[in-house]
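Written out below as structure tokens is the structure these notes cover.
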Amino acid sequence: MHKAWAFPGAAGPDGNRPRSERGFTLIELMIVVAIIGVLAAIAIPRYQNYVAKSKQVEADEIFSAIYTSEILYQSQYGTYAGSEAAMGIDLTGRRYYSVATFTNVTDATYTATITAQLDNDASQDTWVMTQAQPEGVNTCNDINDQGPDC
């Protein structure tokens, strides 16, 4: 049997290409776009939560620096410091959390509070630490807006 066209992709005598050489139909393209849209709708919020959670690691780093500096300051001066500057902490650069606010500072106790806006809503991510609890407590989790201070 003789073919009427000489090269692949050329139209046959009836003006149609063979099925194996046709492009995608509009329905096939719409299905692919819909699948990509569903995947993006699932993936983007999860990615944003992951990024916000990774920013919370900074709170641990700040509290670790504050705790070590407070211990050194208290052993040298007999009281706790009331600011990062007094302790000589320099946490400049890209920083998500605010400079620590100190309250109840005496020779036996201190409370440090830091806050950050992690997910662009009304609540702030708030962490509080004391000399008795140096690891800090997340009193308002900005990612899921839960906690006693939210």
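None of the figures in this text is laboratory data; all of them are computed from the coordinates on show. The structure displayed is predicted, hence computed values, not measured ones. We place every Cβ from the backbone using ideal geometry, glycine too, and count neighbours over all the protein chains shown.
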Looking at residue 65, is it free of Cβ contacts under 8 Å to residues at least 60 places away in the same chain and in contact with a Leu (Cβ under 7 Å, 6 or more places away or on another chain)? yes
Verdict on residue 70 being in contact (Cβ under 8 Å) with a residue 60 or more places away in the chain and in contact with a helix residue (DSSP H, G or I) (Cβ under 9 Å, 6 or more places away or on another chain): yes
Only one of 92, 101, 111 is free of Cβ contacts under 8 Å to residues at least 60 places away in the same chain, within 14 Å of residue 134 (Cβ to Cβ) and surrounded by fewer than 18 Cβ atoms within 10 Å (Cβ to Cβ); which? 111
How do the pairs read when you match residues in the stretch 130-148 that are on the phi > 0 side of the Ramachandran plot with residues anywhere that are assigned to a strand (DSSP E or B), using Cβ under 7 Å and keeping only pairs 6 or more apart or on different chains? 136/127; 136/128; 136/129; 147/138; 147/139; 147/140; 147/141
Find the residue count for the stretch 114-130, including only residues that are among the charged types (D, E, K, R) and loosely packed, with under 14 Cβ neighbours inside 10 Å. 1
